[in-house]
Amino acid sequence: TDNVTLYLIDHGGDGTFRLNETETLSAVELGGWLDRLEQNIPDLQQITIIIDACESGSFIPKLVGPKRRVITSAQPQQNAYFLTQGTVSFSNYFWTHLFHGNDLRSAFDHASQVMNAYQTPQVDFNGNGIANEGEDLSLLNNQYIGNGVGTDTSAPLISNLQASPSQFDING
């Protein structure tokens with residue numbers, strides 16, 4: 001493979017992510033795992049890491065790398081919210097927008113705008129460890145996860161439909 005996407009969603013803390021009831025993953029550990037992944041896949045072009053958890057933005061400066069693109073649902077020291085059983089959450093809005101064929105920029109912007117009252121999503125797409133720079137946001141344009149079909153702006157338009165009465169004759 002040449003592209004890897006890693007999606008983490010659960011509880012987080014400052015530089016930590018809870019894997020289950022008894023285990024946590026530190027940003028430094030994740031960085032080490034990603035280092036090994038990059039070494040073992042010679043044709044790897046990029047790794048996209050998406051984290052929806054409290055304080056997920058604290059991972060950005062610890063996951064620096066030219067092949068790494070990081071999207072988080074919240075700033076460091078900020079909670080991530082999952083309201084109405086998760087239907088109001090960064091992940092729900094972000095992934096729904098992607099599944100409808102939108103690029104990462106559109107999905108990130110939409111989820112950010114909806115969740116703006118609760119949290120501030122972060123993105124580092126140039127790999128320098130600094131979130132939400134103009135370059136980061138522009139690099140999201142025309143980037144897709146999955147088959148990347150995008151949306152078609154030239155959908156057919158039916159403007160005038162005419163039929164003869166015989167076309168509606170159900171008896172014959």
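Restricting attention to segment 48-71, which residues are surrounded by fewer than 18 Cβ atoms within 10 Å (Cβ to Cβ), closer than 16 Å to G15 by Cβ and of a type in the set (D, E, K, R)?
Of everything in segment 48-71, just one residue is surrounded by fewer than 18 Cβ atoms within 10 Å (Cβ to Cβ), closer than 16 Å to G15 by Cβ and of a type in the set (D, E, K, R), namely K62.
Considering A107, A131, which residue is closer than 12 Å to R69 by Cβ, of a type in the set (G, A, S) and modelled with pLDDT of 95 or more?
Within the list A107, A131, the selection yields A131.
Does T1 satisfy the condition of being assigned to a strand (DSSP E or B) and hydroxyl-bearing (S, T, Y)?
No: the conditions fail for T1.
Counting just the residues of segment 1-45 that are of a type in the set (D, E, K, R) and closer than 26 Å to S89 by Cα, which one comes out least open to solvent (accessible area, probe 1.4 Å)?
Per the stated criteria, the residue is D10.
With the requirement that a residue be part of a loop (DSSP other than H, G, I, E, B), under 26 Å from I41 (Cβ atoms) and either free of Cβ contacts under 8 Å to residues at least 24 places away in the same chain or under 15 Å from the mean Cα position of the chain (by Cα) (or both), what does segment 61-120 give you?
Passing the criteria: only D103.
The values are calculated or read from the model by the stated rules, or taken from the named source; none is laboratory data. All figures in this text were calculated on a predicted structure; none of them were measured in a lab. Ideal geometry is used to build each Cβ from the backbone, glycine not excepted, and the neighbour counts take in all protein chains shown. Accessible surface is based on the protein model in full, side chains and every heavy atom, while ligands, DNA and RNA are left aside. Shrake-Rupley method; radii C 1.70, N 1.55, O 1.52, S 1.80 Å.
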